[in-house]
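These notes concern the structure reproduced below.
Every number here is computed from the coordinates shown, using simple stated rules; none is lab data. Values in this document were obtained by computation on a predicted structure and should not be read as measured data. Cβ atoms come from the backbone with ideal geometry, glycine included; neighbour counts cover every protein chain shown.
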Amino acid sequence: CVWDTNAAVAAAAASSTSQVIRHAGSVVSVAMVQREDELLLVSGGADGTAKVWNLLAAKGRGEMMASVEVRHVASLTCVCLTASGRYFLTASADGIMKRWDAQLPYACSGQVKAHRGGVSQLRAHPIGDYLLSSGRTDGRVTLWDVGSESMQDVAILEGPVTQPVLQAAFSSDGRMVITADSTMVRLWSVELSREVLSLPVGAGQAWSHADFSSDGRYLVTAAGGVQVTKEEDRGLIVWDASKGLSREGTLTEGTDTNESVEIVAISISADARYICATFKSQWLHVWHLPTRTCKGSILLAGDPTRALCSGSAWPRIVTADTSGSVYVFEFASPLPPNSESESLSESDDDKLPPK
């Protein structure tokens, strides 16, 4: 591994990484949540299993609590843990979503047809046992009450034009939902179940990745592996919602020209200060969002998958590769005081949109 000496990146164990899980195939999704004195990590693999770990057990080395055969007919696409830690969810390419108890006997306690096509993403509500699911092809985002016996759908959010949803996330209070498709960002009211704002992103450039900060301020988009014709559209583009979704800059520091168009996955930290991204070149980079400076770079052991988690896991970064390994890195936080970053953060506080 290669570390930036200014990055304040620390190992999760004595070595530079802590490899905690091994699947018999590519890892497709990871999720993490704090539950009392446990730090739960769930991973879903192409081998049809979901593995549950407590990362705080065994003196911080981690201990596997369960390996569950999820028995989806179609291939597994994503996993999620509810904020309460009571349940974890698995979803598949045929639109089926299953609820599992995140404790003994780790049994399946519910199943629904969530989408007409495959499920592309699951995202937990910040409080309780609610979550969002987004459809791979139907363009829908559905809010579910996972704690109800029948896994009731509370709201269905659907735009006027069917577009695959790249990303969906709750606001920090759970009352609003923000979604992104390849060309549009939309803000939805959960209570009204309707769109309240839509803004185009980019001029004719289709995005393949998007993520939102928990405070609703930053949107980060990336063109992934698609052909990018303009140099300024390479890498990760930062948008500021407090300024009417203005384009703030591009995160290219620490990457080379070819690498910046081969993005595999992106994830923003829970404190909305950092974003990490994995690349086909096997690099993982971490940037400070307010200053758009690269704070750390890690050369991964294998080809990364779209399984990347830093939001609820922060200051840990969880990533996985095609060989079936899951790795946990720990980013030392907070960073040492930096006059530039601190002044930016403090002066921008009053510009945040009202919640």
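Were the residues from SER189 through LEU56 laid out at 0.36 nm apart, the gain over their Cα-Cα distance would be 44.2 nm.
Extending 7 Å from Cα along the Cβ direction at LEU197 and again at SER242 yields two label points whose distance is 1.3 nm. Database remark: amide H of TYR87 closer than 5 angstrom to the amide H of THR82, ALA102 (H placed geometrically; neighbours at sequence offset of 5 or more, or on other chains; Pro and chain starts carry no H).
Based on the Cβ-Cβ distance from ILE156 to SER281, what FRET efficiency comes out when R0 is 51 Å, to the nearest 0.05?
Approximately 0.85, to the nearest 0.05.
A crude spin-label estimate for the pair GLU262 and ARG22, with each label 7 Å from Cα along the Cβ direction, gives 2.7 nm.
Based on the alpha-carbon gyration tensor of the range 71-119 and its eigenvalue square roots a ≥ b ≥ c, which shape applies: rounded if a/c is under 1.5, prolate if not and a/b is larger than b/c, or oblate? Note, shape of the range 71-119 comes out prolate.
Neighbour counting of Cβ atoms within 10 Å sorts the residues ASP303, ASP37, fewest neighbours leading, into ASP37, ASP303. Spin-label model, VAL73 to GLN111: label points 7 Å out along the Cα-to-beta-carbon direction sit 0.9 nm apart. The charge dipole of the range 23-184, taken about its Cα centre with unit charges on the Cβ atoms of Lys, Arg (+1), Asp and Glu (-1) only, comes to about 240 debye. Every Cα-Cα pair of the range 16-152 was included, and the share exceeding 21 Å stands at 37 percent.
Subtracting the Cα-Cα distance from 0.36 nm times the residue separation, let me have the gained length for MET64 to ALA93 in nm, one decimal.
So the extension gain works out to 7.8 nm.
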